[in-house]
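Report on the following structure.
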Amino acid sequence: MKKPTICFACFLVLTAGQSARAGAPALCRIEVVEQGDGWPVPLVELRTTHQERLVSDNAGIIAFDLPELMGRETWFEVIGQGYEVPKDGFGYRGVRLTPRPGGNLRVEVRRTTLARRLGRLTGAGLFAESQKLGERLDWPESGVLGCDSVQNAIHEGKMIWIWGDTTLAKYPLGIFDGTGATSPIQPLRRFEPPLQLPLDYFVNEAGKPRGIAAIGGPGPTWLTGVISLRDQRGAAQLVATYAKIKPPMEAYERGLAIWRGNRFERFRTLWTNSLDRPIAPPMPDGHPAQWTDPRGKQWILVGNPFPTLRFPATFEAWSDPSRWESLLPQPVVSAAGENHEVKPHSGSIAWNRWRKRWVAVFLEAFGKPSALGELWYTEADAPTGPWGPAVKILSHNHYTFYNPRIHPEFAGKTSPFLLFEGTYTATFSDARQPTPRYDYNQILYRLDLDDPDLTGLIDPPRAKAEKR
């Protein structure tokens, strides 16, 4: 793989010089931080009364550049997706600031969710606002503007990242046979913002990100169930389930794919839509997890979020559908401290050393206030459940956050942090305007598993059940 060579810092220096020669006013630096600890907060929007929208980058920075408001007291509505400021007497949530050329202002926001936002993992302009101010000029651009749900696997000593449909700058129709990258297995030194995830993309001869699953047939190729398995010779095989898609979003073919030469190829077609077979049979779908049962046998469990299928943890078992066993997932989970049940939509599970239990993060189906933007956390003694109770850890207002994926690999054995990401998009929501730069991208969150507001809801029911 070859990383694209992009002298973005040189471009910024040149354009900054041109702006200065043209007499453009200096920018005003606005930093958005979390109340109490001063952590930078990405994805906080400041909106003026004439509907200019300014959004903090991964460092929590906004480069204010509106000449008509320089030196004027200005009201900014604060829209934070889990972060807010108090309401005023008229019910507005906002702040008054007076931006000045070369100034430095600070906005403190209060976190209203248990999960803490670390920042954006993918897309363009992760530090665009900071770079306008001459900061973080060494951060390179990948050429990817947006990408759909993530799949991960540890393969040959690296973390493999696979995304779905991908947006590029040159045209609305970008890459529709998946994009991919590699990183170290534990790519983050700290679990605090500003977030800088090093991703080494698979690129073409021109050094630009390319598709990695050009499986024949019209329409996009979607991948799921990505995992690395040893074959009977001991060699690691990176494999996945593929689907070929036709408009509007209907699969007409499903099967198994295998990694060859830094690309996925068709390994075996298992189903093609026909009058005789209008519904695909069960296949590995979602995020795989490895489990050793009480008898010492190793299994791969696959589900979205809870396991719907299992097979022995070998390449040969994965490639032989006769060795797959269907599982019946738990349909609902009781909400902690509340008299209602939550219906899971998508998500993932993982064994957690800190909690010494299986944990899950899942999206609620048709939740409130956002139909596909409410995320919950739950635990179980076994990967097949029973799961519960569940605690809401993340909420969105008029926005979608689907297909959350836990990253158990990132944190150490004694870490109380649970890291998870999801796709932030206006799709399937009633959002009036997509959030610039952030829309249709992956955002990483941290959940503190020693937070009393979390454990206070999870542990009492658990202790009561164990006592019975």
Matching entry among Gln186, Gln151 (being over 20 Å from Arg437 (Cα atoms) and modelled with pLDDT under 95): Gln186
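Got at least one residue in segment 182-191 being without any contact (Cβ under 8 Å) to a residue 24 or more places away in the chain, farther than 17 Å from Ser142 by Cα and surrounded by fewer than 20 Cβ atoms within 10 Å (Cβ to Cβ)?
yes
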Output for segment 213-264, where each listed residue is at pLDDT 95 or above, of a type in the set (S, T, N, Q) and out of contact with any Gly (no Cβ under 7 Å at 6 or more places or on another chain): Ser228, Gln232, Gln237
Conditions (1) closer than 24 Å to Cys147 by Cβ; (2) surrounded by 11 or more Cβ atoms within 10 Å (Cβ to Cβ); number of the one not met by Pro218: (2)
Flag if Thr435 is β-branched (Val, Ile, Thr), surrounded by fewer than 22 Cβ atoms within 10 Å (Cβ to Cβ) and modelled with pLDDT of 95 or more: yes
Residue pairs meeting the criteria (Cβ under 6 Å; at least 6 apart or on separate chains; first more than 21 Å from Ala26 (Cα to Cα) and in a loop (DSSP other than H, G, I, E, B), in segment 124-141; second open to solvent by 50 Å² or more (accessible area, probe 1.4 Å) and at pLDDT below 95): Pro140/Ile6; Glu141/Ile6
Single residue of segment 438-462 satisfying the filter (open to solvent by 30 Å² or more (accessible area, probe 1.4 Å), touching a residue at least 12 places away in the same chain (Cβ under 8 Å) and more than 17 Å from the chain's Cα centre (by Cα)) that is nearest to Glu45 (Cα to Cα): Asp448
Condition check for Ala240: part of a strand (DSSP E or B), touching a strand residue (DSSP E or B) at 6+ places or on another chain (Cβ under 9 Å) and surrounded by 22 or more Cβ atoms within 10 Å (Cβ to Cβ): yes
Test: residue in segment 414-437 that is touching a Pro at 6+ places or on another chain (Cβ under 9 Å) and farther than 26 Å from Leu145 by Cβ: yes
Test: residue in segment 207-215 that is touching a residue at least 24 places away in the same chain (Cβ under 8 Å), more than 17 Å from the chain's Cα centre (by Cα) and in a strand (DSSP E or B): yes
Pair list, Cβ < 6 Å and 6+ apart or interchain, from segment 390-412 residues that are closer than 15 Å to Gly82 by Cβ and in contact (Cβ under 8 Å) with a residue 24 or more places away in the chain to residues that are among the aromatic types (Phe, Trp, Tyr) and part of a loop (DSSP other than H, G, I, E, B): Thr400/Phe428
Residue count, segment 95-125 (criterion: over 28 Å from the mean Cα position of the chain (by Cα) and not charged (D, E, K, R)): 9
Considering residues of segment 290-300 that are free of Cβ contacts under 8 Å to residues at least 24 places away in the same chain and part of a strand (DSSP E or B) only, the residue surrounded by the most Cβ atoms within 10 Å (Cβ to Cβ): Trp299
Of residues in segment 146-179 being free of Cβ contacts under 8 Å to residues at least 40 places away in the same chain and under 17 Å from the mean Cα position of the chain (by Cα), the one surrounded by the fewest Cβ atoms within 10 Å (Cβ to Cβ): Trp161
Selection from segment 243-265 of residues that are open to solvent by 20 Å² or more (accessible area, probe 1.4 Å), under 22 Å from Thr182 (Cα atoms) and among the hydrophobic types (A, V, I, L, M, F, W, C): Trp259
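Of all residues in segment 243-257, count the ones that are over 24 Å from the mean Cα position of the chain (by Cα) and not hydroxyl-bearing (Ser, Thr, Tyr).
Total meeting the criteria: 6.
Matching residues to (1) crowded, with 17+ Cβ neighbours inside 10 Å; (2) in contact (Cβ under 8 Å) with a residue 60 or more places away in the chain:
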position	(1), (2)
His287	yes, yes
Phe306	yes, yes
Leu309	yes, no
Pro321	no, no
His345	yes, no
Glu364	yes, no
Meets criteria (among the β-branched types (Val, Ile, Thr) and without any contact (Cβ under 8 Å) to a residue 24 or more places away in the chain) for Ile258: yes
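The values are calculated or read from the model by the stated rules, or taken from the named source; none is laboratory data. Because the structure is a prediction, the values reported are computed rather than measured. Don't worry about glycine lacking a Cβ; one is built from the backbone with ideal geometry, like all the others, and counts go over all protein chains shown. Ligands, DNA and RNA are stripped out before the accessible areas are found, and what is left, the full protein with its side chains, is counted by its heavy atoms. Shrake-Rupley method; radii C 1.70, N 1.55, O 1.52, S 1.80 Å.
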